[in-house]
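Input: a single structure, listed below in structure tokens.
Computed from the coordinates by the stated procedures, all read-outs in this text should not be read as laboratory data. None of these values were measured; they are calculated from a predicted model. Using ideal geometry, Cβ is built from the backbone for each residue, glycine included, and neighbour counts are taken over all protein chains shown.
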Amino acid sequence: MTFREQLVRRPQSVWLRRALFQAHLWTGIGVGLYIFAVSVSGSAVVFRNAIYERFGAKPLMVAAQGTRLAPSQLRAAVQKTYPRYHISYIWPNKNPKQAVEVWVERNGKYKQRLFDPYTGSDLGPSVPLAIRITAWLGDLHFNLLAGEKGRAVNGYGAVLFTVMCLTGAVVWWPGIENWRRSLAIHRRTGWKRFNWDLHSALGFWTFAFSFMWGVTGIYVVYQWPFQRLVGLFVVPDMLHPRQSLDNRILLWLTKLHFGNFYRGDWPLKIVWVVLGLAPALLFVTGVLMWWNRVVGPATRQVRRGAKAEVTAPALIE
């Protein structure tokens with residue numbers, strides 16, 4: 001049987017396929033938690049623009065009763081409420097009925113609060129909880145909560161994820177006689193086989209989206225290679241740079257990654273949220289496969305060896 005026939009009929013016997021399987025397996029184990037975190041946080045921030053519009057900072061009005069506190073009096077009220085914090089900023093408002101935003105800091109951590117400029121009472125956070133959670137998830141997705149260094153690591157992670165997609169596509173091919181079976185999930189089987197079918201079918205049907213997210217994820221961090229590549233085929237319009245074809249192509253890479261297409265595109269956003277969780281589910285099913293193939297047999301072998309050591313003296317006697 002030639003190499004080509006092996007690839008078509010019995011790919012499991014090809015050494016290259018076995019090597020790619022190992023690369024796919026151990027890369028997935030190595031960066032699996034990263035993929036899980038980015039997948040879940042990415043799905044969570046698809047609706048971030050709508051959340052910002054819905055819960056965006058709106059002026060909080062207070063009952064303007066009595067005399068407005070002097071700046072020194074307001075600072076004293078803030079310091080009394082947060083005695084262990086340093087006042088960083090107090091944002092004055094032209095509207096006398098609007099609450100005053102105050103930033104206090106301690107050990108590099110900030111609190112953004114609203115204060116009544118008449119009573120000096122703390123009215124709560126200036127940033128709504130929904131926006132704070134969305135911003136945290138966005139920072140996790142973009143920067144891995146580590147600033148510029150985290151974003152650089154995120155770029156390398158996107159490269160590894162893209163490589164995983166490509167190796168997964170090769171590993172998925174079961175042979176010309178069995179490829180249809182790998183498209184579906186068979187429920188009337190053991191849980192190990194069900195998990196295998198789920199990983200295989202989910203990987204196939206979501207491959208295009210996962211590969212797209214990997215490539216566009218690289219673009220979000222490292223834009224210059226894509227700019228140069230597009231520049232080889234498209235002449236930029238220097239007079240109208242925003243309407244230039246190269247700019248529109250690159251803009252679509254961002255839209256595809258985050259699911260931002262047009263106003264009222266919430267049905268597509270729901271699709272992006274659901275499919276965005278596929279890499280996380282692939283990680284979970286992949287870990288279970290790894291446990292069944294590697295960890296489980298190794299653990300059983302160690303246990304059998306331990307039992308043999310315990311019973312050996314009895315046999316000698």
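Could you list Ser182, Ser121, Ser200 in order of exposure, starting from the residue whose Cβ has the fewest other Cβ atoms within 10 Å?
Ascending Cβ contact count within 10 Å gives the list Ser121, Ser182, Ser200.
Under unit Cβ charges (Lys, Arg +1; Asp, Glu -1), what dipole magnitude, rounded to 20 debye, does the range 71-126 have relative to its Cα centre?
120
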On a C-alpha basis, how far is the centre of the range 60-80 from the centre of the range 118-145 in Å? Whole number, if you could?
23
Put +1 on the Cβ of every Lys and Arg and -1 on every Asp and Glu Cβ in the chain; which of Gly305, Gly175, Pro267 then has its Cα farthest towards the positive end of the dipole?
Gly305
Relative contact order of the range 204-292 (C-alpha contacts under 8 Å, at least 6 apart) in percent is 29
The chain: Lys pairs at Cα distance under 15 angstrom, eight or more positions apart or on different chains
4
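Loop only by DSSP, 15 or fewer other Cβ within 10 Å of the Cβ. Give me the trypsin sites (Lys or Arg not before Pro) in the range 246-298 that pass, ordered by residue number.
For trypsin sites (Lys or Arg not before Pro) across the range 246-298 that sit outside H, G, I, E and B with at most 15 neighbouring Cβ atoms in 10 Å, the list reads Arg263.
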Looking at the square roots a ≥ b ≥ c of the eigenvalues of the Cα gyration tensor of the range 245-292, which shape do they give, rounded for a/c under 1.5, prolate if a/b is larger than b/c, or oblate?
oblate
Honestly the range 127-200 on the Cα gyration tensor test (a ≥ b ≥ c root eigenvalues; a/c under 1.5 rounded, otherwise a/b vs b/c for prolate or oblate) is just oblate
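Identify the chymotrypsin sites (Phe, Trp or Tyr not before Pro) of the range 204-252 meeting these criteria: DSSP loop state and at most 14 other C-beta atoms within 10 Å of the C-beta.
Details: sites: Phe204, Trp205, Phe207, Phe209, Phe211, Trp213, Tyr219, Tyr222, Phe226, Phe233, Trp252; in loops: Tyr222, Phe233.
Filter output for the range 204-252: Phe233.
What 222 nm value per residue comes from the helices of the chain, counting each DSSP H run with n ≥ 4 as -39,500 (n - 2.57) and dividing by all residues, nearest 500 deg cm²/dmol?
Helix contribution divided over all residues of the chain: -20000 deg cm²/dmol.
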Would you work out if the range 71-126 is rounded, prolate or oblate? Take a ≥ b ≥ c from the square roots of the eigenvalues of the alpha-carbon gyration tensor; rounded if a/c is under 1.5, else prolate when a/b is larger than b/c, oblate otherwise.
prolate
Over the chain, what is the mean sequence separation of C-alpha contacts under 8 Å (at least six apart), divided by residue count, expressed as relative contact order in percent?
22
